[in-house]
1. So, residue B:12, is that one in contact (Cβ under 8 Å) with a residue 40 or more places away in the chain, in contact with a strand residue (DSSP E or B) (Cβ under 6 Å, 6 or more places away or on another chain) and farther than 24 Å from residue A:93 by Cβ or not?
2. In this structure, does residue A:188 turn out to be assigned to a helix (DSSP H, G or I) and either at positive phi or in contact with a strand residue (DSSP E or B) (Cβ under 7 Å, 6 or more places away or on another chain) (or both)?
3. If you go through region B:10-24 one residue at a time, do you hit one that is facing chain A (nearest Cβ under 10 Å) and either part of a strand (DSSP E or B) or surrounded by fewer than 18 Cβ atoms within 10 Å (Cβ to Cβ) (or both)?
4. Is there a residue being more than 14 Å from every other protein chain (Cβ to nearest Cβ) and either more than 20 Å from residue A:152 (Cβ to Cβ) or not in a loop (DSSP other than H, G, I, E, B) (or both) anywhere in region A:77-88?
5. Might you check whether a residue that is within 14 Å of chain B (Cβ to nearest Cβ) and crowded, with 17+ Cβ neighbours inside 10 Å occurs anywhere in region A:171-179?
6. Can you tell me which residues in region A:180-199 are more than 25 Å from residue A:97 (Cα to Cα) and either buried (at least 23 other Cβ atoms within 10 Å of the Cβ) or touching a residue at least 12 places away in the same chain (Cβ under 8 Å) (or both)?
7. Can you list the helices (runs of 4 or more DSSP H) lying wholly within region A:100-168 that have 1 or more residues being touching a strand residue (DSSP E or B) at 6+ places or on another chain (Cβ under 8 Å), within 14 Å of chain B (Cβ to nearest Cβ) and free of Cβ contacts under 8 Å to residues at least 40 places away in the same chain?
8. Only one residue in A:80, A:24, A:85, A:75 is out of contact with any strand residue (DSSP E or B) (no Cβ under 6 Å at 6 or more places or on another chain) and within 28 Å of residue A:175 (Cβ to Cβ). Which one?
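Each reported figure results from applying straightforward, stated rules to the coordinates on display, with no laboratory input. Predicted model, so just to flag it, every value in this text is computed and none were measured. As a convention, Cβ positions derive from the backbone with ideal geometry for all residues, glycine included, and neighbour counts pool all protein chains shown.
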């Protein structure tokens, strides 16, 4: 038996890359580097940025005014990446990020988007009935909190700076990083204390 | 090209539907066409995606963060909730004074 045929999609990709290279638009090395940096990116980068902002007010100001510079402080290369905007939750205001047009997501600091973020259901509902979506996630906002849905439609990528939960006084950056989940960084969830810590 | 609208300016998204006229690529959500909002921030200038998508020369256009009240858009929702959306300048026009006064 002969070897299985290479999938058509990969053959198409090979031709596409070869055509881009032939025109001098991109090199295979650049593609490999971008692939490697995307594979390295994970929500822990965004979580650490949040933890540092909670501990260091000058870093917090940098994060809110120039997200890309704040990411580079964490060793993330933002060259060629879209600008990063960070929106701060505060008492009375909660941000929820969606991309109704496609799946724009701050990949440089969160990695690949989860499948639900790209689903038609999330994209259609987050912008129309955000409170119902949050309720299904089990995310209960304090009474009197306004919801601000951020539809990521163009050149920026948006991340949420959640509020630091009570009960984390004196925690280290590592401890704080551990409670900031991917979902909290786009606003579908809130940072939660581990059950043991919350019970103390 | 500098930004025509300052933060705080009340604007309207043009009630334009280029997708009905032929092939196009637009980054302005359908649910905001004809809606009024307030400029929240000037985000900078970016090549017009409507040209980029067709490999045409793409002039840089000012991009804004625009804030809209959420309930009027869907005729449902909770008062005070809002939508914050990136919209290019060529999709914006000043809000009509009569509606502003109303």
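1. Working: in contact (Cβ under 8 Å) with a residue 40 or more places away in the chain: yes; in contact with a strand residue (DSSP E or B) (Cβ under 6 Å, 6 or more places away or on another chain): yes; farther than 24 Å from residue A:93 by Cβ: yes.
Answer is yes for this residue.
2. Numbers: assigned to a helix (DSSP H, G or I): no; either at positive phi or in contact with a strand residue (DSSP E or B) (Cβ under 7 Å, 6 or more places away or on another chain) (or both): yes.
No, not satisfied.
3. Start the filter on region B:10-24 by keeping residues that are facing chain A (nearest Cβ under 10 Å), which leaves none.
No, region B:10-24 contains no residue that is facing chain A (nearest Cβ under 10 Å) and either part of a strand (DSSP E or B) or surrounded by fewer than 18 Cβ atoms within 10 Å (Cβ to Cβ) (or both).
4. yes
5. no
6. To start, the set of residues in region A:180-199 that are more than 25 Å from residue A:97 (Cα to Cα) comprises A:195-199.
Listed by number, the residues that qualify are A:197, A:198.
7. Details: elements: A:107-110, A:115-118, A:120-128, A:130-136.
Fully inside region A:100-168 and qualifying: A:120-128, A:130-136.
8. Values: A:80 fails: within 28 Å of residue A:175 (Cβ to Cβ); A:24 fails: within 28 Å of residue A:175 (Cβ to Cβ); A:85 fails: out of contact with any strand residue (DSSP E or B) (no Cβ under 6 Å at 6 or more places or on another chain).
Result of the check over A:80, A:24, A:85, A:75: A:75.
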